[in-house]
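The values are calculated or read from the model by the stated rules, or taken from the named source; none is laboratory data. Just so it is clear, the model here is predicted, and its values are computed rather than measured. Neighbour counts run over all protein chains shown; Cβ positions are idealised from the backbone, glycine included. Note: accessible area is taken over every heavy atom of the protein model, side chains too, but ligands, DNA and RNA are not part of it. Shrake-Rupley method; radii C 1.70, N 1.55, O 1.52, S 1.80 Å.
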Protein chains: 2
Amino acid sequence: MKSKSIGVLRTSTIVLWFAAMASIGCGPQQAAQVSQTPASSTADLMKQRGLSEADVNAALQTYTPTGKKDEYITFASGGHGGNLIVIGVPSMRILKYVGVFTPEPWQGYGYGDQSDTILEEGSRFGKKLTWGDMHHPALSETNGDYDGEFLFVNDKANPRVAVIDLHDFVTKQIVTSTLIQADHGATFVTPNTEYVVESTQYPAPLGGGYAPIEEFQDKYRGAAIFWKFDRENGKIDPAKSFAIELPPYMQDLADAGKLDSEGWVFINSFDTEMAYGGNLEGNPPLESGASQNDMDYMHIINLRAAEQVAKAGKTKKIAGMDVISLDTAIEEGLLHLLGEPKSPHGMDVTPDGKEIVVAGKLDTHATVYEFAKIKSLIEQKKYAGKDAFGVPILPFEDSIRGQVELGLGPLHTQYDDKGNAYTSLFIESAIAKWSIKDLKVLEKVKVHYNVGHIVAAEGDTVNPDGHYLISMNKWAIDRFSKVGPLLPQNFQLINIASEPMQLLYDMPLPLGEPHYAQMIKADKLKPIDVYKPAGYDPIKDEHSANAVKAKEERIVRDGKDVNVYMTAVRSHFTPDIIRVKKGDTVHLHITNVEQAHDATHGFTIGSYNVHSSLEPGKAVDITFVADREGTFPFYCTEFCSALHLEMAGYMLVEPG
Amino acid sequence: MKSKSIGVLRTSTIVLWFAAMASIGCGPQQAAQVSQTPASSTADLMKQRGLSEADVNAALQTYTPTGKKDEYITFASGGHGGNLIVIGVPSMRILKYVGVFTPEPWQGYGYGDQSDTILEEGSRFGKKLTWGDMHHPALSETNGDYDGEFLFVNDKANPRVAVIDLHDFVTKQIVTSTLIQADHGATFVTPNTEYVVESTQYPAPLGGGYAPIEEFQDKYRGAAIFWKFDRENGKIDPAKSFAIELPPYMQDLADAGKLDSEGWVFINSFDTEMAYGGNLEGNPPLESGASQNDMDYMHIINLRAAEQVAKAGKTKKIAGMDVISLDTAIEEGLLHLLGEPKSPHGMDVTPDGKEIVVAGKLDTHATVYEFAKIKSLIEQKKYAGKDAFGVPILPFEDSIRGQVELGLGPLHTQYDDKGNAYTSLFIESAIAKWSIKDLKVLEKVKVHYNVGHIVAAEGDTVNPDGHYLISMNKWAIDRFSKVGPLLPQNFQLINIASEPMQLLYDMPLPLGEPHYAQMIKADKLKPIDVYKPAGYDPIKDEHSANAVKAKEERIVRDGKDVNVYMTAVRSHFTPDIIRVKKGDTVHLHITNVEQAHDATHGFTIGSYNVHSSLEPGKAVDITFVADREGTFPFYCTEFCSALHLEMAGYMLVEPG
């Protein structure tokens, strides 16, 4: 059948286009068409879409035209989704979900040999975990400022800490200690990222053993783990890490001191009543058992002194961790308690490091503690008493500068560049702006609805930026189109530089329940575009021993092990036919030899649950047993070129 | 320690607030603060943020103030992320990722007994698959219009079809047949959703056996599966489904006829050369082997006739599927071929059902076929010849109305309400708007970059809406802040009602690589807010036999099986202590007894890899062996109330 009549192009001609595609497709000559005459006037559009003047103003503060970049990047935890959420501000567009505790196939995270080792590392009691409950991300800091190099984040359910490298946005390490059975006060870093703090939430026998719950006060304990970070290697060094045993209170959020208070760590707690529920056994449920006293305890830890005590070997090994016992901590003056408003949540050191703001969910106030007062009370050994475990308690009234009444359910506090604090009010569904100096509420803005944490631009540093604050709302109810009984959370962007504060944008969270976030200036991040030279293993962070160069592709059989050294390039894999026998162990070593930005390929073999993502220059290893005979297509899963569908081949598994 | 000096609230007082919280937090009285005076003027903002008049216009067409809803909902496939992406238009905010082929813990999808059975159903050759390569979503239709009830989508890698119920946005079924080893032309539905079409991409021996690739032409085959959908039960009925054997070409996208062409199905193909690669064995790679001929073949299937042939039992069973053999298909006149431009991708029947537009990636034209001509050629048996398998080939020139030259790499076509077609140009990175009647290009708009599919509002129905079109761009390159070597895709929203077309918005895809999407009027979707009455099993779609009512919570031991009948309500689980012995099998039956909108809880037991999401009224079952003795906290993973952190308990595993 001929086709003179139609303009069919010969492959030879096409090939040139493919070669030129990147430049054709991506040249600077491509200006967006929005530079042409708009469809209708501003007035028409306001009428059509029911926009107020304020809406127009908010739109112009957030709309980011094609090709323009965001000013800030926010890193939010994914909650029980188990992955990290990367968001551009002010556009409030989600730029990436980074796989951390949950396998994610688009990134090939947990679907190949290398990344699978990260998840294996994160096993507890020998059980591999396929999800996590991610709570509090912490950006690495230098002199108390975010440096844009690393990010740490915890898993509350299976107490773990992950290290994400911001040079390629890939999870490089997961550490865990069976010393504790749940965390929450994690992760928080010291001002130069010497340590990453992880503390327990729900007490348990240290090391993971069984003890009757009736022996809660006796046998159950909390702990604070200080993970030592080795910036050189970009990894936490468990051998140089240590922990301090804590009373069986439910320790909550923490913060590391900075500037004046550098070298100290502050941790909240609740359930100082040491209630443990038992509502089907005649006890009150934990929620009421834990709400009997008027106050709970702030834990004040002298980290610098603790480090010396640990180095001096005054520790015992529990579950492989060097632990400073509660008695030693008391003896050495490492731990003090201080009354704080009931059921505190946020523990937020002020940018100057001189004060600590605590907000208690069952108290309408924020309480402002002065570090200088705390320090001198400790030096004078001026105690209001001791707790049941002999830990000295500092006098509350002598340690605070004052309190400010904020409203219902104050939860978490952030700071701006003008001496103001912002505290979320969970029950009231509002953000209170208040003056730290004057302890006066200046203004409130309503949010929708039930705000948990809030995050301000560079808000946890010694130099907050002000301008933007995000209200991380737990409930969305009526804010978005309906998508069934499971609703997205709602991030609301607020301009805190304007007076009054201005609600700018509602952003649904389509996957996961963020708990905490940090917002960094975008220009502090310097991620790479391509792995250079080709053949790089992002997980081991080195050139792969199994990297394959073009023209060096081969299949090497060694008994029942078949090693396939494969390259990927638009638009074929080499080899594109793999012949094995049933029962062989297949070792795929695939290198994407491309060095063009965004020239990513994917690789899968049908029905074998094999998948991998191959960013430019990346090398992956995939091992599996060819346990089913048959004819199995493999192909590129990332639409890479006009002949992408032809980027395919066959694995032929002959009967053994 | 007393605290007269500070305003601590008693629990009793607080409790009232919690009870009232939903109303306090979510009442209509909460107007957004944007109604106050804006911070700076429009002119100031345009200068500050470098916005053009056109940018302002685009911002006002897309910005959606707090509480306002989107006009359209777009359902996009997640590619090798394996989940479905739900997007609001024009705001371009992602509202939800729905777990389909990949387990997702935030939804508890694949993390409890019920949803795990869905993934088990999707196993192939007895192997459980933990990801998928999702390509083409299809909304259920009534009389050729989206009805908003169900959505179907395929997995290309492990050929499967999933059914998602849009009443609760939950995946209810995954079907698979080992007849074929890869699909791509899936899913497409008939105008009343009687059938869901799934056809092969990469040929293989039917049924999944081994055959030497040298016998490709002899032993390898394609197939089209017609899955029968039972709307009553909301499930596909495999027993009433059937398939047609096809030649070993690489069948590609398909479309079902509508109106005049209802009852027919059209499927593209490439590699009619039957090349199979072998580039390490001296053959050319598939990409060139498959690009030798001038044209490929459209497959024309008479589905109504095929249905009768299948019902008449003129089939053979292969891998449990009733298959009409290629010979029978020829004998019964069910299958015809028709030349089409080289390497076609889009196969798009016009809204009136009278014509079919095909765009070939290696041809610069779109070709417009007239169904009436095709039908009469078939009736007259007027053939240009037969292929190597004896399938009659219709004469190309007599079947088309004409062609229109569009540009480089035309790929996929959508329609508006004014008789215009829109075709994506992959290599040129543009969208061409052209008149179907006049076969003339009217206009082009540049996109960024390398557009694959496009989706227009109600664009695959008999009544397209026009107005919005989304360009699903494969490469983003320089559009967004850098997030490492793996980049997001870029969805660009285009106003096609304006002249010229107007690029409105760039939206990054943070997870997954969408291939295809459909856009439906938001008011056609009627999802529920809450499972009523409490105790509903969303997967079995019935009230759960294990539902638990308040006050009926209990723990029942039967030998080594421990059944825990538990309720969840703000802010406790009952029971909150579970006592078992090492080695016991634990069966958790948890009901969220709340009926308040958005009152979702989560449940996890630390280190046991147990997690579940409990939307209001939902009942879940979780089974596991208590194989490790110890003291394991469990808690609510969804921030549900001010005492959420106290919504916790302990599983005590005594030494066996």
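Annotation: amide H-H contacts under 5 Å for B:Tyr505 (H modelled 1.01 Å from N, sequence separation of 5 or more, or interchain): B:Leu493.
Counting only the Cα atoms, chain B fills a convex hull of 207 Å³ per residue.
Largest first and in whole Å, the equivalent-ellipsoid semi-axes of the range A:112-201 read 22, 17, 9, each the square root of five times a Cα gyration tensor eigenvalue. Averaged over the residues of A:289-299, the number of partner chain Cβ atoms lying within 10 Å of the residue Cβ comes to 3. Equivalent-ellipsoid semi-axes for the range A:359-518 (Cα gyration tensor, √(5λ), whole Å, largest first): 33, 19, 13. Centre-to-centre separation between the Cα atoms of the range A:330-396 and those of the range A:205-224: 25 Å. Run through all the Cα pairs of the range B:237-367 and give the fraction in each 5 Å bin from 0, expressed as whole percent. Final binned percentages: 2, 10, 17, 18, 17, 15, 11, 6, 2, 1. Each part gets one Cα centre, and for the range B:535-575 versus the range B:160-204 those centres are 34 Å apart. Bridges between two residues of chain B, per DSSP, are antiparallel at a rate of about 90%. Rolling a 1.4 angstrom probe over chain A with all protein chains present gives an accessible area of which 51% lies on carbon and sulfur atoms. The charge dipole of the protein assembly as shown, taken about its Cα centre with unit charges on the Cβ atoms of Lys, Arg (+1), Asp and Glu (-1) only, comes to about 60 debye. Between the amide H of B:Asp322 and those of B:Ala243, distances stay under 5 Å, these residues lying 5 or more places away or on another chain, with hydrogens modeled in the peptide plane. From helices alone, the protein assembly as shown scores -3000 deg cm²/dmol at 222 nm; the rule is -39500 (n - 2.57) for each run of n ≥ 4 DSSP H residues, then divide by the residue total. Interface of A with B. Using a 1.4 Å probe and counting protein heavy atoms only, the two chains hide about 20500 Å² of accessible surface, both sides summed. Total lysine pairs in the range B:312-418 at Cα distances under 21 Å, for residues eight or more apart or on different chains: 11. Compared with the dominant principal axis of the Cα atoms in chain A, helix A:53-62 is inclined by about 70°. Among residues of chain B, the one whose Cβ lies closest to the rotation axis carrying chain B onto chain A, together with that distance rounded to whole Å, is B:Ala59, 2.
Couplings 3J(HN,Hα) of the range A:428-436, computed from phi: 7, 6, 7, 10, 9, 9, 9, 8, 5 Hz, in residue order, whole Hz [Karplus 6.51 cos²θ - 1.76 cosθ + 1.60, θ = phi - 60°; x for Gly and Pro]. Here the contact order of the range A:418-496, divided by its residue count and restricted to Cα pairs under 8 Å and six or more residues apart, works out to 23 percent.
Bridgeable lysines around A:Lys549 (alpha carbons under 17 Å apart, same-chain partners fewer than 8 residues away excluded): A:Lys532, A:Lys618. Comparing Cα centroids, the range A:603-651 and the range B:75-100 end up 24 angstrom apart. Its Cα gyration tensor gives the protein assembly as shown an equivalent ellipsoid; the semi-axes, largest first and in whole Å, are 54, 33, 29. Over the range B:228-336, what is the relative contact order in percent, taking alpha-carbon pairs closer than 8 angstrom and at least six residues apart? Relative contact order, the range B:228-336: 26 percent.
Between 0 and 90 degrees, the angle of helix A:11-26 with respect to the longest Cα principal axis of chain A falls at about 20 degrees.
Cα to Cα, under 13 Å, and not fewer than 8 places away if on the same chain: which aspartates and glutamates meet these conditions relative to B:Lys240? List returned: B:Glu194, B:Asp230, B:Glu307, B:Asp322.
The residues of chain A have, on average, 28 Å² of accessible surface per residue, using a 1.4 Å probe with all protein chains present. Taking all protein chains together and rolling a 1.4 Å probe, A:Lys521 ends up with roughly 70 Å² accessible. Karplus-based coupling profile of the range A:378-389, in residue order and whole Hz: 5, 4, 7, 6, 8, 10, 8, x, 10, 7, 4, 9, with θ = phi - 60° in 6.51 cos²θ - 1.76 cosθ + 1.60 and x standing for Gly or Pro. In nanometres and ascending order, the distances from the A:Ser40 label point to those of the other copies are 2.9 (point 7 Å from Cα along Cα→Cβ).
Once you keep just the Cα pairs under 8 angstrom separated by 6 or more residues, what percentage relative contact order results for the range B:394-444? Relative contact order, the range B:394-444: 28 percent.
Near the amide H of A:Met298, within less than 5 Å, lie the amide hydrogens of A:Leu338, A:Gly339, A:Glu340, all on another chain or at least 5 residues away, with H placed in the peptide plane. What nm value, rounded to one decimal, do you get for the distance between A:Lys314 and A:Lys47 when each label is placed 7 Å out toward the C-beta? About 7.9 nm, to one decimal. For the range B:261-273, 3J(HN,Hα) computed residue by residue from phi via the Karplus equation (6.51, -1.76, 1.60; θ = phi - 60°) reads 9, 4, x, 10, 10, 10, 10, 6, 7, 9, 6, 6, 6 Hz, glycine and proline entered as x.
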